[in-house]
Amino acid sequence: MSRRARIALKAFVWAACLTPLALLLSRAVTGDLGANPIETLTRTLGVWTLRLLLASIAMTPLRLLFGVAWPVTLRRLLGLFAFFYACLHFSIWIVLDHFFAWEEMLADVLKRPYITVGVLALTLLVPLAATSTAAMIKRLGAANWKRLHRLVYVVGILGVLHFLWLAKVGRNDPYLYLGVLTLLLGIRLWNWLRRLAREGGRGAPRRRLEPSERHAVSPRQSPPSAAPSRDPSRV
């Protein structure tokens with residue numbers, strides 16, 4: 001994919017990710033949030049948080065299934081948008097729902113399991129968002145960065161649980177998100193087992209240097225020829 005195409009693709013993703021927020025703000029300005037505006041704001045922001053999180057997790061499975069590299073270039077961008085929507089979702093709960101009643105919020109976190117897992121998911125997203133830059137990949141090292149960002153799968157599970165436990169009886173959409181997450185995790189497990197079988201116990205698989213990792217390598221440095229490093233953001 002050319003540089004111009006990558007820029008156009010990322011611009012499209014930016015527009016697509018910001019559109020739900022723009023529409024929600026438009027509804028708020030026109031007073032079209034229904035009988036319970038706070039619930040509408042909280043629910044809409046939460047749903048888009050989960051959608052963007054699952055979209056981020058889906059990028060690597062798409063590469064594995066179709067053999068194309070461009071989806072993984074969007075993974076970190078989608079993950080940051082998921083974090084952005086999660087912060088907005090949490091802010092509505094703090095400011096509008098409880099109006100900074102910290103003791104009341106703490107009681108809710110301890111008493112209501114769906115809030116407990118939601119707060120835990122947001123907490124785990126913080127280090128992932130903070131280390132999403134190429135500079136942090138260099139600072140942490142590829143192996144450490146990769147291990148840290150495996151937390152995204154834990155966050156995905158917690159997010160789906162939050163939605164399942166919060167959903168009212170009779171709603172089926174939480175099970176759709178559960179099915180999507182199960183499929184994505186199943187593809188990753190299938191790929192891991194396939195790699196183990198292919199290696200046949202001969203050691204860790206070797207892969208060629210990914211394009212985005214080449215940008216993170218200094219011009220005066222080159223990756224070891226015997227075992228090229230991998231772009232952790234594409235795993």
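A few remarks follow.
- In plain terms, the residue of T60, T49 with the fewest other Cβ atoms within 10 Å comes first and the most crowded comes last, giving T60, T49.
- Extension gain from A101 to L189, taking 0.36 nm per residue of separation minus the Cα-Cα distance: 27.4 nm
- Centre separation in Å (Cα based) which lies between the stretch 137-204 and the stretch 2-71: 19
- Relative compactness, the stretch 149-194, computed as alpha-carbon Rg over 2.2 N^0.38 Å: 1.30
- Anisotropy class of the stretch 99-149 from Cα gyration tensor, a/c 1.5 cut: prolate
- For the stretch 44-129, chymotrypsin sites (Phe, Trp or Tyr not before Pro) meeting the loop criterion (DSSP other than H, G, I, E, B) and having at most 15 other Cβ atoms within 10 Å: F99, F100.
- Fewest-first ordering of S2, S132 by other beta carbons within 10 Å of each residue's beta carbon gives S2, S132.
- Ranking of K111, K146 by count of other Cβ atoms within 10 Å, fewest first: K111, K146
- Whether the stretch 61-173 is rounded, prolate or oblate, judged on the alpha carbon gyration tensor where a/c under 1.5 counts as rounded: prolate
- Computed over the Cα atoms of the stretch 1-134, the ratio of the radius of gyration to the Kirkwood radius (Rg/Rh) comes to 1.04.
Rule-based calculations on the coordinates, nothing more; no lab input. Predicted model only: the values in this text are computed from it and were never measured. All Cβ positions, glycine included, derive from the backbone under ideal geometry; neighbour counts span all protein chains shown.
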